[in-house]
Amino acid sequence: MNDFPRLWNIEESGFVDLFAQLEAPWEALHRLDGYLASLLQKAGASGLMVLSPVPEGVHIEGLVYIAEHCVIESGAFIRGPAWIGPGCEIRSGCYIRGSVIAGSGAVLGHASEFKHCILLPHAQAPHFNYVGDSVMGIHAHIGAGVILSNYRLDGKPVAVRSMGTGERIETGLAKFGALIGDSCEIGCNTVLNPGTILGALSVVLPLSNIRGTWPEGSRLPD
């Protein structure tokens, strides 16, 4: 993966097997459904397995595992398959609509939608966000109104750009949002266009429109 920046500390991700021996970082999205099924099977979830308090006004359906010490607020809607790790926050108005993995301490926020995505431990999408077909790294944070756009306007499959050569590389994904590295900070009301890859420790200023592949520690717009 020399054409792409350092993204995630795999050993601390909690999901080592998902990321092991990837030829390209977006292959984690190709593997997501199968890996999620194995997580649910290991947890013994054959339907709903919710180990945290669920207040009135929460809707949960499908194959869903929610670990201990999670805070689930009234008004959340959760459709499986989904695996939610310990200590997560699922805030009022959160819409989880299938194929979602959230690592320990992740925040799935108010009026935010999550679909076919992975939030590594302590990733935060707290307010008015869309996270689809994407991976958020450990302690990655997206501000209010940030959108991880996952579908091209022309409907063509999403390609990425090599960091070194700028070469266009096909991903085989019709929908692909963003790969956000560990400890990235994305400012409010930013759009990351389909196929954006941000190396760890990158910062994106508010009201930005970002595409492409960016090295570790980038400050954007540059």
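For this structure, a couple of remarks:
- Estimated 222 nm signal from helices in the chain, with DSSP H stretches of n ≥ 4 weighted -39500 (n - 2.57), rounded to 500: -3000 deg cm²/dmol
- Neighbourhood charge, 14 Å Cβ-Cβ cut-off, centred on residue 78 and excluding it, Lys, Arg +1 and Asp, Glu -1: 0
- Kirkwood Rh in Å, taken over region 155-205 so that all alpha-carbon pairs contribute: 11.9 Å
- Extent along principal axes [Cα atoms of region 124-167; Å; largest to smallest]: 34, 26, 14
- Gaussian network model of the chain, springs between alpha carbon atoms under 10 Å - residue of 33, 17, 133 with greatest fluctuation: 17
- DSSP bridge orientation in the chain - percent antiparallel, rounded to nearest 5: 5 percent
- Computed from Cα positions, the angle between helix 27-43 and the longest principal axis of the chain comes to roughly 20 degrees.
- Around the Cα centre of region 81-222, unit charges on the Cβ atoms of Lys, Arg, Asp and Glu (plus for the first two, minus for the last two) sum to a dipole of about 300 debye.
- Built amide H within the under 5 Å cut-off of residue 98, gap 5+: 79, 116
- For q = 0.08, 0.14, 0.19 Å⁻¹, Debye-computed log10 I/I(0) when each Cα of region 10-220 counts as one equal scatterer: -0.25, -0.77, -1.40
- ³J(HN,Hα), Karplus 6.51/-1.76/1.60, whole Hz, each residue of region 172-184, x for Gly, Pro: x, 10, 6, 10, 7, x, 9, 10, 10, x, 4, 6, 6
- Annotation: peptides 35-41, 112-118, 95-101, 56-62, ranked by per-residue average of other Cβ atoms within 10 Å with the highest first, follow the order 112-118, 95-101, 35-41, 56-62.
- Local net charge near residue 203, Cβ-Cβ under 11 Å (Lys/Arg +1, Asp/Glu -1): -1
- Set of lysines with alpha-carbon distance to residue 42 below 23 Å, sequence-local pairs under 8 removed: 115
Only the coordinates and a few stated rules stand behind these numbers; no lab work does. Computed from a prediction, not measured in an experiment: that's the story for all the values here. Every residue, glycine as well, gets a Cβ built from its backbone with ideal geometry; the counts of neighbours run over all protein chains shown.
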